[in-house]
Every structure is written in C-alpha cells, then in structure tokens.
Amino acid sequence: MGNEVLSNLMTESEAFPPSEEFAAGANATAALYGEAEADREGFWARQAERLHWETKWSQVLDWSDAPFAKWFVGGRLNVAYNCVDRHVESGHGDQVAVHWVGEPGDTRDITYAELKTEVSKAANALASLGLEAGDRVAVQLPMIPEAIIAMLACARLGLTHSVVFGGFSPAALRSRVDDAAAKVVITSDGQYRRGKAAPMKANVDEALEGAATVEKVVVVKRTDTDVAWTEGRDLWWHELVGSQPPEHAPEAFDSEHPLYILYTSGATGRPKGILHTSGGYLTQAAYTHDAVFDHKPGEDVYWCTADIGWVTGHSYIVYGPLANRATQVVYEGTPNTPHEGRHWEIVQKYKVSIYYTAPTLIRTFMKWGVQIPASYDLSSLRVLGSVGEPINPEAWVWYRENIGGGAVPIVDTWWQTETGAIMISPLPGVTSAKPGSAQKALPGIGAKVVDDSGAEVANGSGGYLVLDRPWPAMLRGVWGDDERFRQTYWSRFADQGFYFAGDGAKYDKDGDVWLLGRVDDVMNVSGHRISTTEVESALVSHPTVAEAAVVGASDPTTGQGIVAFVILRGNVSRDEAKGETATAALRDHVAKEIGPIAKPRQIMIVPELPKTRSGKIMRRLLRDVAENRAVGDVTTLADSSVMDLISSGLRSDK
Ligand code: WT7
C-alpha cells in the first residue's frame, strides 16, 4: 500500500474506559462478542426477532450464490409496519417520533400515530398513481417530514426508493432516474439554504426534460416558490396525499424484496446504484442503532445530523431509529443558520441525549470556538457519535470535552453505503475508547486488516480493510450491473472470498482497528464520497479543457479538499487562461455537472500532467504539489522533467 496512507498513521494515545454507572445500564455487553462468535447465524436470528415478521424465515443465511447473499430466507415482513404501525399497536401512538425543526424556525412534532396516518395516506396516493411493488421512485427533497413519509410510503408498498441528495445537479439526478428507470419523482417547490429559499423543482424540471420513464412528479410545497407546471405530469403532494383515506393495510414482502437503491461514487466516474433489501437490512440497522447508541425507546431523544440523501440518513434517521421507536430531532437547515449555536440551542430545547454527526462538522465547531457550545445547557447528552471519515484525536478529545462535558462515551462508527449499517465501532458501556480509532468489528461482524496477498497483518502493521463474512445489511448488488458488483468488491481478494472495502487500515498493539482513508481513487470531502474520475470527466466536458487530473489533498476542516490540475486546449489563449475568471468558470462548471459538493477547492492550470509510460496519471506526485510537499520519486514517469515544468509553471503564475 501507498506510503501516503501509512504516513497517515495516527499516534495511539490514552484510552477512556466507560463509567461503571454507564456500563451497568448499557444495552450492549461484552458477552455479545463471544455469543456471536460461537454461533453467528443464531446471533443474527436473535437480532431479527427485534422485528415483526408476518412469516418467519426458514433459513438465516443462504450464501450458496456468493457474493449474492440471501438473509432470513422465506421470511416476510413489511418494513414500514415495523417502523410505524407496530409502535402504535403496542400503545405508543402518542409518543413523538419526530421533533422536526425547520430552518426558518417553524417546528412540527409528529407522533407515531400521526406518522402512521401520514404514511398510510402517502401510500394510498402512490398506489393511486398505478405504482406496483418493485417499481422505482426517485426522491429529491430537503430535510422535511415528507422526505421520511415518502420513503416509508414506498417501503409500505414495496416500491424501491432512490433518494438523490438535494444538492445534486440536474445532470446527476437525471442519470440516477434513468439508471433505475424511475416512474415517479417526488420533490419540493424549493428548499431553504442559509436563510434563503432556493429552487428545487426547477432543477428537477431541467433534469427530466425528455426522461423516458417518468410518468408523474409529485411536488411538496415548502418555500412557496413559483414553479413551472407540466399538466398531466405534475401533482401537488398536498392535493394528492391530502385527499386520501387515512387507513392503509400493509402487505408483507419477501425478506429479500428490494427496499432502496442509493448511488455512490466509486473509483470510476459513473456512480453505482447500491441495492439494499428488506429483512436483513432492517435487522442490522435496528440492532446497531440499539447497541452502538445505547438507545432507550421512550427515554432518549436522538439526533443524527445527516441528510436523508446519504446512507446515514437512511439507516440512522429513517430505518434504524424508527424500527426502535426512537424520539428524534430532524433539522432542516445548516448548522450556522441563523447563528453558530443552532445545534446546541436545539440540543438544549429538546434535551437531546444521543447526538451523531461527522468529523468535518466537529472541526467546524472547533473553529467557531468553545464559547458557543459553552453558553448552552448540553447536560442531556449521554452518547456522542461520529461517522464519515477518520476522526482525528484532537477533534475527538474536543468533542468529548466541550460537547460531552468530559464524560460521555464517543462512538466512532465505520461503515459504508455498501455495508448498509455500522460495522466497526466501540460499544458504549463496554469498550475502553481510544480517540481516533473505530476499534473493533461489532458482535456478528467479521473484519480484518490484510496485506496484498490477503494474509492478516500483525498488530502494529497496516494494510487493507476487508470483511471476511457476509452480514445482514450488506449490499445485494449494483443495480443492473452484476459484473461491476463482482469486480469492484469481490475480485481483489477473490481467493479468500473477502469483501474489499477500499479503505486502508492498521492494527495497533492491542489489535484495535484504525482507519486510514481510501486506497482507491475516491476522495472523502466532508464525509462525502466523490471519485477523482467523476470530477475529471466534468472538467474535460468544458470546452476550454484538454486534460484534467484531480486529487484529494488533506484539508484541516473537510478532511480532504479537491484539487484539480488542468491543461487547457491549444486554442485558449494564455491571457484567457490566466486569472480568476478561467478557474472560477471551471469550478462553476463542475458544480453544474455534479453538484456544489464536488467544486474543486483549487484549480491549477498546468502545461503537462505526470504520466507513467503506460499513460497512467501519477496522482501521488500531484498530491505532493497540492499539499506543498517536496515531490516524491519521479523515476517511473515517462518524462521525468514534467514535474519541474508543473512546479515552475505554478510559480510563474502566482
Ligand atoms: C467511506 C464510506 C457510512 C456513512 C457515511 C459515509 C469513510 C466512514 C468512517 C470512520 C474512517 C470512515 C471510509 C468509507 N468512513 N466512516 N468512522 N472512520 N473512515 O458513507 O459515503 O459510503 O463512505 O467513508 O472511507 O469507505 P459513504
């Protein structure tokens, strides 16, 4: 593996054992590891008992067609019934499911009984459009209750949802709609962002021009923004859903019925549709939400700050917490609107007890200053979580001291869109936590760090992270592309049958796992996965660009920042190429092609790119430039003077 990854090794510091008091009341126990090890399938069968099954399974796992897994074979259940109705039937209809907080300050509390009515009406509405189980529905919505209701209504009818992050461009939405052949798109008129209403439906309209599969567009009114209307295609949510009967009888579906597709970046440019199914996914989402966050239904107030456009929002806002009868906060806006204490104001108001966020946001809070959280009452917090990228020990310690009052457990949770649910994490009340380490595969999960040949490395050594056993929430494939599924995840260690996660990792002296970042051409910007190739394709689609190479350079706030090296076409004059306008236009172009999250932090106009004799771009060298380091070994370059040319060109441009 690359030196840049190994050089990233973090120092192993002091551990924080759980308090006796916390350990005494914790959902998880140390015994779980041994129980799961002794009988893995029996362990997962017990976890599946958390759910209501219309028909019980006859076999826990069928791995005979590996890498295509079947979990809880023959079992039948309705995912929405499990997340909503059964809590009402067990007498908790009046419990608040969602404390929703809108960015402009409007709020809405939704009880489980109300959620059941809303989901039933929405299900009746979607059924009235002629949708049938197995059809795909695309959802591009801001963080409003209707986003959760729409997803659950799909699940209730066996429709497969494909949620597309609200910040994605029309082109990105269109490619996802086409790939899944979605029949219906659910969106809103607009969305609030930093105190302003921004259009949403206008983007959807642009995306859907000439889209062959889309029959209806359902529009939630959120910002009262004027919208164009396509008669016969567009329907208002409040009219369509508002007029439906409040009862809907849920039908049970096969445990392996497709629940959702969620697109994620891979090493190549084209996003992959990650497919998740029902019974195994919900089992692991519920189990991990219970064990990792120590969630107590009816007592805790839980808040996951992710957007439903990402997998964290799917598993830890919608499916896991609702299956576990959580009361949770859902916040629509950005953390500094209208002020930098917004999150802490919400924690104080709703007495949030479990808070789950990303390292990039923790580092942003650090920048804003300790005086901000210090002026709120955060004493309700008892578990803090982190996800999306390695959390540096300084941020971990800051989080514990300034948000957790120096006492609460922090869970650093490693997982992926593909894994569907948390895989590696400390267990609060059990694990002695180490800042910066995700530590140990959860009971029931098998993870290893291996070398190039697939052999497990010794403690103190680094290598590749693999998952060596199937798990219930694992992806069931890449939508419409079995070959890509095998190739991407199962070919690297085919002999051993390991799942290749794409992350570098190491064991410390105790055998705890430390994640070290991606080993493929995937960048992690603020916890969002973006492939270098995807951004390169966007850049070369601009008429002035001849060639482009993109690297992720380390960034103190966002983890990595996107840095692009661009060769302009011969007919672009040197003057045109110079200055802010050329690079600003390219940054905007990338935002338009993919979305604002993919905007390069920096674009450098260069005369050449460093390539090997076989024409492969040596990103390692470009990363050296982007991170202001001495350029490394250039001996494998086809032309070793290229790096001098790049460096001198950069100097003269400044
Ligand atoms: C990639 C997956 C899982 C939900 C959010 C991201 C990185 C994720 C951690 C962590 C170190 C982490 C990995 C992984 N990652 N969590 N706790 N420590 N790295 O989901 O977009 O599918 O990205 O995020 O590189 O492969 P995703």
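The values are calculated or read from the model by the stated rules, or taken from the named source; none is laboratory data. Just so we're clear, the structure is a prediction, and the values are computed from it rather than from any experiment. Note that each Cβ is placed from the backbone with ideal geometry, even for glycine, and that neighbours are counted across all protein chains shown.
For residue 435, indicate whether it is surrounded by fewer than 23 Cβ atoms within 10 Å (Cβ to Cβ), in contact (Cβ under 8 Å) with a residue 12 or more places away in the chain and in a loop (DSSP other than H, G, I, E, B). First the steps, then the outcome.
Details: surrounded by fewer than 23 Cβ atoms within 10 Å (Cβ to Cβ): no; in contact (Cβ under 8 Å) with a residue 12 or more places away in the chain: yes; in a loop (DSSP other than H, G, I, E, B): yes.
Against the criterion (surrounded by fewer than 23 Cβ atoms within 10 Å (Cβ to Cβ), in contact (Cβ under 8 Å) with a residue 12 or more places away in the chain and in a loop (DSSP other than H, G, I, E, B)), residue 435 does not qualify.
Yes/no matrix, rows are residues, columns are (1) in contact with a Ser or Thr (Cβ under 6 Å, 6 or more places away or on another chain); (2) under 30 Å from residue 197 (Cα atoms); (3) not in a loop (DSSP other than H, G, I, E, B):
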site: 222; (1), (2), (3): yes, yes, no
site: 227; (1), (2), (3): no, yes, no
site: 232; (1), (2), (3): no, yes, no
site: 244; (1), (2), (3): no, yes, no
site: 270; (1), (2), (3): no, no, no
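Among 505, 433, which is within 15 Å of the ligand (Cβ to nearest atom), of a type in the set (A, V, I, L, M, F, W, C) and within 23 Å of residue 40 (Cβ to Cβ)? Walk me through how you get there before you give the answer.
Working: 433 fails: within 23 Å of residue 40 (Cβ to Cβ).
Only one candidate passes the filter, namely 505.
Determine whether residue 398 is within 12 Å of the ligand (Cβ to nearest atom), touching a helix residue (DSSP H, G or I) at 6+ places or on another chain (Cβ under 9 Å) and among the aromatic types (Phe, Trp, Tyr). Please lay out each step first, then the result.
Values: within 12 Å of the ligand (Cβ to nearest atom): no; touching a helix residue (DSSP H, G or I) at 6+ places or on another chain (Cβ under 9 Å): yes; among the aromatic types (Phe, Trp, Tyr): yes.
No.
Condition check ((1) under 30 Å from residue 286 (Cβ atoms); (2) surrounded by fewer than 21 Cβ atoms within 10 Å (Cβ to Cβ); (3) more than 12 Å from the ligand (Cβ to nearest atom)) across all residues:
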position	(1), (2), (3)
487	no, yes, yes
511	yes, yes, yes
534	no, no, yes
567	no, yes, yes
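Among the listed residues 362, 372, identify the single one that is within 13 Å of the ligand (Cβ to nearest atom), without any contact (Cβ under 8 Å) to a residue 60 or more places away in the chain and part of a helix (DSSP H, G or I).
Working: 372 fails: within 13 Å of the ligand (Cβ to nearest atom).
Of the residues listed, the single one that is within 13 Å of the ligand (Cβ to nearest atom), without any contact (Cβ under 8 Å) to a residue 60 or more places away in the chain and part of a helix (DSSP H, G or I) is 362.
Keeping to the range 382-395, report how many residues are among the hydrophobic types (A, V, I, L, M, F, W, C), outside any strand (DSSP E or B) and more than 11 Å from the ligand (Cβ to nearest atom).
Quick first cut of the range 382-395, residues among the hydrophobic types (A, V, I, L, M, F, W, C) only: 383-384, 387, 391, 395.
With outside any strand (DSSP E or B) added as a condition, the list becomes 391, 395.
Filter once more, keeping what is more than 11 Å from the ligand (Cβ to nearest atom): 395.
The number of residues fulfilling the criteria is 1.
Among the residues of the range 401-419, write down those that are away from the ligand (no atom under 16 Å from the Cβ) and either in a strand (DSSP E or B) or under 11 Å from the mean Cα position of the chain (by Cα) (or both). Walk me through how you get there before you give the answer.
Of the range 401-419, the ones away from the ligand (no atom under 16 Å from the Cβ) are 401-408.
Scanning the range 401-419 gives no hits.
Rundown of residues vs (1) in a strand (DSSP E or B); (2) at pLDDT 95 or above; (3) within 17 Å of the chain's Cα centre (by Cα), yes/no style:
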| site | (1), (2), (3) |
| --- | --- |
| 325 | no, yes, no |
| 328 | yes, yes, no |
| 340 | no, yes, no |
| 343 | no, yes, no |
| 348 | no, yes, no |
| 355 | yes, yes, yes |
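Can you tell me which residues in the range 546-565 are in contact with a Lys or Arg (Cβ under 7 Å, 6 or more places away or on another chain) and within 19 Å of residue 581 (Cα to Cα)?
546, 562, 563
Restricting to the range 563-577, what's the tally of residues that are farther than 25 Å from residue 611 by Cβ and either modelled with pLDDT of 90 or more or among the charged types (D, E, K, R) (or both)? Before you say what the answer is, go through the steps one by one.
Residues of the range 563-577 that are farther than 25 Å from residue 611 by Cβ, as a first pass: 573, 575-576.
Checking which are either modelled with pLDDT of 90 or more or among the charged types (D, E, K, R) (or both) leaves us with 575-576.
The number of residues fulfilling the criteria is 2.
With a cut-off of at least 3 residues that are surrounded by 20 or more Cβ atoms within 10 Å (Cβ to Cβ) and in contact with a strand residue (DSSP E or B) (Cβ under 8 Å, 6 or more places away or on another chain), name the strands (runs of 3 or more DSSP E) lying wholly within the range 105-201.
Details: elements: 107-111, 136-139, 160-163, 184-188, 190-193, 196-199.
Because the criterion is at least 3 residues that are surrounded by 20 or more Cβ atoms within 10 Å (Cβ to Cβ) and in contact with a strand residue (DSSP E or B) (Cβ under 8 Å, 6 or more places away or on another chain), the strands (runs of 3 or more DSSP E) in the range 105-201 that meet it are 136-139, 160-163, 184-188, 190-193.
Under 8 Å by Cβ, and 6 or more places apart or on different chains, what pairs join a residue from the range 227-242 that is over 20 Å from residue 203 (Cβ atoms) with one that is small (Gly, Ala, Ser)?
Filtered contacts from the range 227-242: 240/125; 240/128; 241/122; 241/125.
In the range 504-528, how many residues are within 16 Å of residue 601 (Cβ to Cβ) and either assigned to a strand (DSSP E or B) or among the hydroxyl-bearing types (Ser, Thr, Tyr) (or both)?
Initial filter on the range 504-528 (within 16 Å of residue 601 (Cβ to Cβ)): 523-528.
Checking the rest, the ones that are also either assigned to a strand (DSSP E or B) or among the hydroxyl-bearing types (Ser, Thr, Tyr) (or both) come to 523-526, 528.
Total meeting the criteria: 5.
Can you tell me which residue in the range 67-80 is surrounded by the fewest Cβ atoms within 10 Å (Cβ to Cβ), limited to those that are more than 25 Å from the chain's Cα centre (by Cα) and part of a loop (DSSP other than H, G, I, E, B)? First the steps, then the outcome.
Going residue by residue through the range 67-80, those that are more than 25 Å from the chain's Cα centre (by Cα) are 72-77.
Okay, now just the ones that are also part of a loop (DSSP other than H, G, I, E, B), so 74-75.
Numbers: 74: 15, 75: 25.
Ranking the candidates gives 74 first.
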